[in-house]
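All remarks here apply to the structure that follows.
All of the numbers you see were taken from the coordinates with simple rules; none came from a lab. Quantities reported herein were computed from a predicted structural model and do not represent experimental measurements. Cβ coordinates were reconstructed from backbone atoms using ideal geometry, including for glycine residues, and neighbour counts include every protein chain displayed.
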Amino acid sequence: MMASFNVSGMDGLQNLFKNMERMPYSVIEEMLDKQADVVVNAQRQSAESMLDGPHNKGEVKKAIKKGKTKRKKDGLVKYVTFNGKQHGSRLAEIAFINEYGKNGQKARPFIKVANEKCEKEAQDVAGKVFDDWIETL
């Protein structure tokens with residue numbers, strides 16, 4: 001489901017946009033948080049299925065975490081990252097090598113596959129939060 005709204009005439013549309021300018025930080029943060037949950041789950045599922053092998057202990061999958069919402073000059077962001085170490089290497093580095101490959105190791109693009117697979121669901125959960133907020137206006 002995509003966000004939708006109904007307005008009557010130009011005045012209604014202008015009022016909607018004015019209200020959107022005043023969207024509370026908490027609504028935007030909830031949208032990002034719900035999207036990050038979807039992405040984390042998708043990446044974990046993808047890691048579980050695509051990174052299977054003799055050296056896989058499941059650490060990359062467990063390391064996928066959503067961060068805190070941060071303010072950047074262009075708006076708010078929430079990153080999904082890989083936290084921790086295994087065998088003396090950062091799990092983010094291990095995930096990168098799996099994603100893009102290296103000499104003698106083919107790429108296993110589990111992040112790209114997951115992100116493409118969950119794109120619509122992530123948009124839908126953010127749209128639901130937005131729709132719920134619009135209903136309160």
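Among the residues of the range 78-99, the one identified as among the charged types (D, E, K, R) and closer than 14 Å to Q43 by Cα is E99. If the condition is being within 19 Å of D37 (Cα to Cα) and surrounded by 15 or more Cβ atoms within 10 Å (Cβ to Cβ), then the range 93-116 contributes A95, F110, I111, V113, A114, N115.
Considering the range 21-137, the qualifying helices (runs of 4 or more DSSP H), each wholly inside and each with 2 or more residues that are polar (S, T, N, Q), run over 25-50, 110-135. Among G58, G84, G75, which is the only one that is on the phi > 0 side of the Ramachandran plot and in contact with a helix residue (DSSP H, G or I) (Cβ under 6 Å, 6 or more places away or on another chain)? Exactly one residue qualifies, and that residue is G84.
If we scan the range 126-137, do we find a residue that is touching a residue at least 40 places away in the same chain (Cβ under 8 Å) and within 23 Å of N56 (Cα to Cα)? The answer is no; no qualifying residue exists. The set of residues in the range 39-69 that are under 17 Å from V80 (Cα atoms) and among the polar types (S, T, N, Q) comprises N41, Q43, Q45, S46, T69. Of everything listed in (1) loosely packed, with under 15 Cβ neighbours inside 10 Å; (2) touching a Ser or Thr at 6+ places or on another chain (Cβ under 8 Å); (3) β-branched (V, I, T), the single unmet condition for T136 is (2).
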